[in-house]
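A short reminder: the numbers here are calculations on the coordinates, not readings from a lab. This is a predicted model, so every value here is computed, not measured. Cβ placement follows ideal geometry from the backbone for every residue including glycine, while neighbour counts extend to all protein chains displayed.
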Amino acid sequence: MTKDKKKIPDYYNLSDPIKLLPEIGEKREKKLNAIGIFTIKDLIYYPPRRYEDRKKLLPIKQIEPNKDCTLLLTVVSARTVYLNKGISQARVILKDDTGKIEAIFWGRGYLAKSTFIEGKKFFIFGKPEIYNHRLTISNPEYEEFVEEEENIHTNRIVPIYTLPEGISLRSFRRWIFETLQKVVISDPLSEEFLKERGLLTLPQAIQNLHFPPKIEDVEKSRKRLAYNEVVRIQKRWIKWKKTEFDGNACIHNTNGELLKKFRDSLTFKLTSAQEKAISEVLKDMSSPKRMFRLIQGDVGCGKTLVALHAVLSAVDSAYQVAVMAPTEVLAEQHYFNFSKMLANFPITISLLTSSIRNSKDVRKQISEGKTNIVIGTHALFQESTIFNKLGLVVIDEQHRFGVLQRQKLCLKGSYPDILYLSATPIPRTLALTVYGGMDITVIDELPPGRQPIKTYIIKKEKRENLYKFIIEQAHQGKATYWVCPSIEESEAREDLKPLLNIYSELSKGVFSSLRTDILHGKLSFNEKAEAINKFANGKTDVLFCTTVIEVGIDVPHATSLVIENAECFGLAQLHQLRGRVGRGPYQSYCFLLPHNLSPISAKRLKILCSTNDGFKISEQDLLLRGHGEIQGLKQSGESDLKFIDLSKDLQIIQQARDDVFSG
């Protein structure tokens, strides 16, 4: 019984499955699925990682050994040579008017009979070399010369793709080339509209993405496809916001007794940026429209205080509040801070994390409405956590949660208002792209009296001087964080300084006269709470810790931060860590201790030493790393962005947003 031959359609729709292509069987389909290609649209939108200009033809006499070149040659002879273990090779002699060269195709002896027929002409691309005094070229790219026929692999600008094992570049390139001849691509935008914005038509953009006539055409294609990506995201935001945020909102009392009492209890003046943020938040909460606001600001700018105004407004209105933090340490810190600041208020505050023992009792209090404010981690959005009357959700460091996690919490209750907080300053392009559906408040002012943190890179030979400085600081009543990237030794990263080793070595050695302690994520709730409280109350001089202290811990007398293996951290995370000091009136310091400093790591650390401005640092981080690694994209559910370049596409992003919102 013969297997049915696959029927090849005359044309393709974008939604057609990839298996309709003639050479795509089950195995190849799985490999393509693994890189996100399921449909014809996925295939033609799969971007090359780079391009090779193979247009310039050279005669053989101008060949430079070990340099790529494109040749147009005629087959003189071809033979198959059989080697050991059944391996064969095709050895082909080719010529032009200026000389001869031998092409060797390893493992493809069949080409001598099936392809390289005497007298035929071929484009050959590769890197020739001199072997045994003869000019040879191993496994070159080849393509038969046919009059008036467009080439795919040679004699043009050729796309190079990142592909899984088992999918050859030649095959993949040909699939795209042949698919583009048969696919139906319609453009929803008029030629006049595109001309006004200097954009290519969609068919042009897709064609030039893969097979550009000139290398400059690639950037024109990318810009059109980037525009489409921004439009898609913004439309998604509008649809989601219309579905989830129109009507049914909790209308809060923003002039209640608890909020007034809290305002009167403050012993310091809020910054103008904080007052502006509070005004915007309370205006949202008193509106019949559901609040959907992101407050972003640099470390230490006072976002928590702004959030407290929202929290008290909700409690004044007889609603419950959920405050979600990404780590147990931060959740615990919020719990302690809220409990301290609201100690004289008739408010019940509960902590709910996976570590607490009485979680069943806490959940019962929440469901019965006996808890006003619940502070916790992922435990808050579990099915077993049922709120009695949830009216406000505050999500701290929101970029650390996935979209579904955030939505699960936001869907609890009767359309609660949502307030996101971020201490990671976001470049304007990223904010407009990823958070385009939110109202954004920026707190760009620090409380008065804060001094810029002095940041230094400490070389190995200067460590002794650093030890002396830390001891002097301790004698003045000033404390130090000593941060390590890992808790224990790692076989995969032998260069990392483990926390347990550093703690043992320094606390028993050079810091033996000081009060030292240790803090990391594997400690129990009580152990972590005790370590933080001792440090905050001035009973610990040096706290050896991991990055669990990255956000939320506020100790005004902590003036020094030491970071081991500083080269292992990104700029944004280093800036976050640095924000643990400089929270009081004293001069504070950050000491970076790199161990293997590459050129890019050195550049990153020098940027940190040059500025305390988180927004400048975020822009530099974007330029250094590109948007692929920026957390906001991935956690927003937009990790599939392929064409937006956040370091230079502000104008495109703004234009696309304006076009969407204008109609």
- Task: Kindly identify the stretch 28-94 as rounded, prolate or oblate by the Cα gyration tensor criterion: order the square roots of the eigenvalues as a ≥ b ≥ c, call it rounded if a/c is under 1.5, otherwise compare a/b with b/c, prolate if a/b is larger, else oblate.
- Result: oblate
- Note on the structure: So for the stretch 524-590, using the alpha carbon gyration tensor with a ≥ b ≥ c as root eigenvalues (a/c under 1.5 gives rounded; past that, a/b versus b/c decides prolate or oblate), I'd call it oblate
- Message: So if each residue of separation counts as 0.36 nm, and I subtract the Cα-Cα distance between I251 and K95, what length gain in nm does that give?
- Response: 47.9 nm
- Item | Using a Förster distance of 41 Å, the FRET efficiency for L72-D10 (Cβ separation, nearest 0.05) | 0.75
- Item | Relative contact order (%) - the chain, alpha-carbon pairs under 8 angstrom, separation at least six | 11 percent
- Task: Report, in debye and to the nearest 20, how large the dipole of the stretch 247-323 comes out about its Cα centre when Lys and Arg carry +1 and Asp and Glu carry -1 on their Cβ.
- Result: 100 debye
- Item | Which of L57, F125, Q89, positive extreme of dipole for the stretch 56-155 (C-beta unit charges) | Q89
- Item | Approximate spin-label separation L83-A343, in nm, with each point projected 7 Å along Cα-to-Cβ | 8.0 nm
- Query: Suppose R0 equals 35 Å; then what is the FRET efficiency for F661 and T162 from their Cβ-Cβ distance, rounded to the nearest 0.05?
  - Reply: 0.50
- Item | Within the stretch 454-611: Cβ-based charge dipole about Cα centre, in debye rounded to nearest 20 (Lys, Arg +1; Asp, Glu -1) | 580 debye
- Item | For G256, net neighbour charge (Lys/Arg +1, Asp/Glu -1) across residues whose Cβ lies under 12 Å away | +1
- Whole-Å distance linking the alpha carbon centroid of the stretch 339-377 with that of the stretch 174-243 is 51 Å
- Positive-pole candidate from C484, A277, I233, dipole of the chain, charges at beta carbon: C484
- Task: Mind checking which lysines have their Cα closer than 17 Å to the Cα of K239? Skip sequence neighbours fewer than 8 apart in that chain.
- Result: K289
- Treating only the Cβ atoms of Lys and Arg (+1) and Asp and Glu (-1) as charged, compute the dipole magnitude of the chain about its Cα centre; round to the nearest 20 debye. 620 debye
- Message: Just to verify a number: FRET efficiency for F268 and E219, C-beta to C-beta distance, R0 = 51 Å, to 0.05?
- Response: 0.50
- Note on the structure: In the structure shown, of K459/K497; K276/K389; K269/K616; K30/K85, the pairs separated by more than 22 angstrom at the C-alpha atoms are K276/K389; K269/K616; K30/K85
- Item | Charge tally in the Cβ shell below 14 Å around L83, where Lys, Arg are +1 and Asp, Glu are -1, L83 excluded | +4
- Query: What shape does the stretch 56-155 take by its C-alpha gyration tensor, where a ≥ b ≥ c are the square roots of the eigenvalues and a/c under 1.5 counts as rounded, a/b above b/c as prolate, and the rest as oblate?
  - Reply: oblate
